[in-house]
1. Counting only residues that are at pLDDT 95 or above and open to solvent by 50 Å² or more (accessible area, probe 1.4 Å), which one in the stretch 32-41 is nearest to the chain's Cα centre (by Cα)?
2. Which of the residues spanning the stretch 89-108 are open to solvent by 40 Å² or more (accessible area, probe 1.4 Å) and farther than 16 Å from SER17 by Cβ?
3. Within the stretch 42-54, can you find the residues that are over 13 Å from the mean Cα position of the chain (by Cα) and buried (at least 16 other Cβ atoms within 10 Å of the Cβ)?
4. Give the stretch 5-28 a look and list any residue that's in a strand (DSSP E or B), open to solvent by 40 Å² or more (accessible area, probe 1.4 Å), farther than 17 Å from THR91 by Cβ and aliphatic (A, V, I, L, M), or say none.
5. Of all residues being open to solvent by 20 Å² or more (accessible area, probe 1.4 Å) and more than 11 Å from the chain's Cα centre (by Cα) in the stretch 62-73, which is nearest to MET99 (Cα to Cα)? Just the residue, please.
6. Check ASP62, ASP89, ASP56 and return the single one that is outside any strand (DSSP E or B) and within 21 Å of VAL12 (Cα to Cα).
7. Being free of Cβ contacts under 8 Å to residues at least 60 places away in the same chain and over 14 Å from LYS19 (Cα atoms) is true for just one of THR69, THR58. Which residue is that?
Amino acid sequence: QMQVVESGGGLVQPGGSLKLSCAASGLIFTIYHMAWYRQAPGKQRELVATISNSGDNTNYADSVRGRFTISRDNTKKTVYLQMNSLKPDDTALYYCNVMGIGIWGQGTQVTVSS
């Protein structure tokens with residue numbers, strides 16, 4: 001069974017950092033590009049960052065560029081999202097996505113608040 005499981009969310013103060021993880025199983029991880037999305041209450045799901053299957057190419061939403069870093073470890077079948085300089089507007093449920101085949105995780109909550 002193909003699945004991804006996110007972890008690492010939590011409550012953090014503005015200006016703080018968090019690192020999200022997404023562990024994949026049941027699929028050939030190295031052939032898939034991966035993405036992080038987020039969805040805040042009352043808003044549409046937003047693409048945050050993508051990474052190519054090799055990890056050589058990354059893309060970011062304008063709202064997070066320079067603050068967030070997506071990376072992957074193909075030996076561990078895991079993709080990461082390092083989030084720095086967090087703002088209250090970053091508060092959302094963060095989802096991992098296996099691009100092209102519609103595999104989604106259950107999400108991990110990130111709350112940025114003082």
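1. Filtering the stretch 32-41 down to residues at pLDDT 95 or above leaves 32-40.
Then keep just the ones that are open to solvent by 50 Å² or more (accessible area, probe 1.4 Å); that gives 33, 37, 39.
Values: HIS33: 12, TYR37: 6, GLN39: 11 Å.
My answer is TYR37.
2. The first filter runs over the stretch 89-108 and keeps only residues open to solvent by 40 Å² or more (accessible area, probe 1.4 Å), leaving 89, 93, 99-102, 104, 106.
Hits for the stretch 89-108 are LEU93, MET99, GLY100, ILE101, GLY102, TRP104, GLN106.
3. Residues of the stretch 42-54 over 13 Å from the mean Cα position of the chain (by Cα): 42-44, 52-54.
ASN53, the sole residue that qualifies.
4. So the first thing to find is which residues in the stretch 5-28 are in a strand (DSSP E or B), and the list is 5-7, 10-12, 18-25.
Still in the list and also open to solvent by 40 Å² or more (accessible area, probe 1.4 Å): 5, 7, 11, 19, 23, 25.
After this cut, where a residue has to be farther than 17 Å from THR91 by Cβ as well, the list is 5, 7, 23, 25.
Scanning the stretch 5-28 gives VAL5, ALA23.
5. Within the stretch 62-73, the subset open to solvent by 20 Å² or more (accessible area, probe 1.4 Å) is 62-63, 65-67, 69, 71-73.
Then keep just the ones that are more than 11 Å from the chain's Cα centre (by Cα); that gives 62-63, 65-67, 73.
Values: ASP62: 20, SER63: 21, ARG65: 20, GLY66: 23, ARG67: 23, ASP73: 16 Å.
Of everything passing the filter in the stretch 62-73, ASP73 is nearest to MET99 (Cα to Cα).
6. Details: ASP62 fails: within 21 Å of VAL12 (Cα to Cα); ASP56 fails: within 21 Å of VAL12 (Cα to Cα).
The match here is ASP89.
7. Numbers: THR69 fails: over 14 Å from LYS19 (Cα atoms).
Going through THR69, THR58 in turn, just one is free of Cβ contacts under 8 Å to residues at least 60 places away in the same chain and over 14 Å from LYS19 (Cα atoms): THR58.
Residues are listed down the side, and each one gets a yes or a no for (1) touching a Ser or Thr at 6+ places or on another chain (Cβ under 7 Å); (2) assigned to a strand (DSSP E or B):
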position: THR30; (1), (2): no, no
position: ALA35; (1), (2): yes, yes
position: VAL48; (1), (2): no, yes
position: THR69; (1), (2): no, yes
position: GLN82; (1), (2): yes, yes
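The values are calculated or read from the model by the stated rules, or taken from the named source; none is laboratory data. Fair warning: this is a prediction, and the values are worked out from it, not measured in the lab. Note that we place each Cβ from the backbone using ideal geometry, even for glycine, and neighbour counts take in every protein chain shown. Areas reflect the complete protein model, heavy atoms only, side chains present, ligands, DNA and RNA absent. Shrake-Rupley method; radii C 1.70, N 1.55, O 1.52, S 1.80 Å.
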